[in-house]
Amino acid sequence: MKRDLSINKRKFWKFLRTHQWKLLLVLFAICLILGYIGFDKYTRSLNSDYSFTDLFYLTLQLATIESGAISGPISWELEVARFLTPLVAAYTAVLAVAAIFRKQLDLLRMRILRGHTIICGLGEKGWLLASELRQSGEDVVVIEMDPTNPRIDLCREMGIIVLERDARETENLAVASIQTAKYLVAVCGDESTN
């Protein structure tokens, strides 16, 4: 029972990570709709005549917390939009910054790693070894030469650092902090490369 719950929890988080941009887009659309409806109700209660563009502009300002400070009766739609819109905007900004600086963050993480395992090659054997080590709580760095390898994204989802470089070059092993690694495993497809 406990194991099934853990598996379902992992599947849920994996789904969220995989579809987070789509979910954010849906949430932002909901914020726009609720904000527009809320501001429309609010301005009508004040007997003010706002145009479509005015209401839309007020709704967009919710993302920067500029138009939500109003007094008087506030509908539930506007109340939800006033709190949800800035949260969605902030989370989107954090995701964008993380995506932009992912490689730099990975390089910084590698500088402080101690006792990690470096795996050269992300074929079937490399993927199985990396995922098993990571699931057991080990820190893992994978060096993979092919940037189109579909397992790269899987590794990153698991928290495995991936260097898209050639493991045969000494400086790339140094970047992976080979001097503080516990193990170095070469599982490239070609035995002469290993």
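One residue stands out among those in the range 155-168 that are under 11 Å from residue 122 (Cα atoms) and free of Cβ contacts under 8 Å to residues at least 40 places away in the same chain: the one that is most open to solvent (accessible area, probe 1.4 Å), which is 164.
Looking at the range 64-95, which of the residues that are assigned to a helix (DSSP H, G or I) and polar (S, T, N, Q) is nearest to the chain's Cα centre (by Cα)?
92
Residues of the range 30-53 that are of a type in the set (D, E, K, R) and open to solvent by less than 70 Å² (accessible area, probe 1.4 Å): 40 alone. In the range 76-87 there is at least one residue matching the filter, namely being of a type in the set (Phe, Trp, Tyr) and either within 18 Å of residue 177 (Cβ to Cβ) or open to solvent by 60 Å² or more (accessible area, probe 1.4 Å) (or both). Considering the range 169-190, and only residues there that are surrounded by 15 or more Cβ atoms within 10 Å (Cβ to Cβ) and in a loop (DSSP other than H, G, I, E, B), the residue that is nearest to the chain's Cα centre (by Cα) turns out to be 176. Based on this model, can you work out whether residue 98 counts as free of Cβ contacts under 8 Å to residues at least 60 places away in the same chain, not acidic (Asp, Glu) and not in a loop (DSSP other than H, G, I, E, B)? Against the criterion (free of Cβ contacts under 8 Å to residues at least 60 places away in the same chain, not acidic (Asp, Glu) and not in a loop (DSSP other than H, G, I, E, B)), residue 98 qualifies. Looking at residue 104, is it of a type outside the set (A, V, I, L, M), modelled with pLDDT under 95 and more than 24 Å from the chain's Cα centre (by Cα)? Spelling it out, it is not the case that residue 104 is of a type outside the set (A, V, I, L, M), modelled with pLDDT under 95 and more than 24 Å from the chain's Cα centre (by Cα).
The values are calculated or read from the model by the stated rules, or taken from the named source; none is laboratory data. What you see is a predicted model, and the numbers here were worked out from it, not measured in a lab. Neighbour counts are summed over all protein chains in view; Cβ atoms, including those assigned to glycine, are modelled from backbone coordinates with ideal geometry. SASA here: full protein model, heavy atoms, side chains in, ligands and nucleic acids out. Shrake-Rupley method; radii C 1.70, N 1.55, O 1.52, S 1.80 Å.
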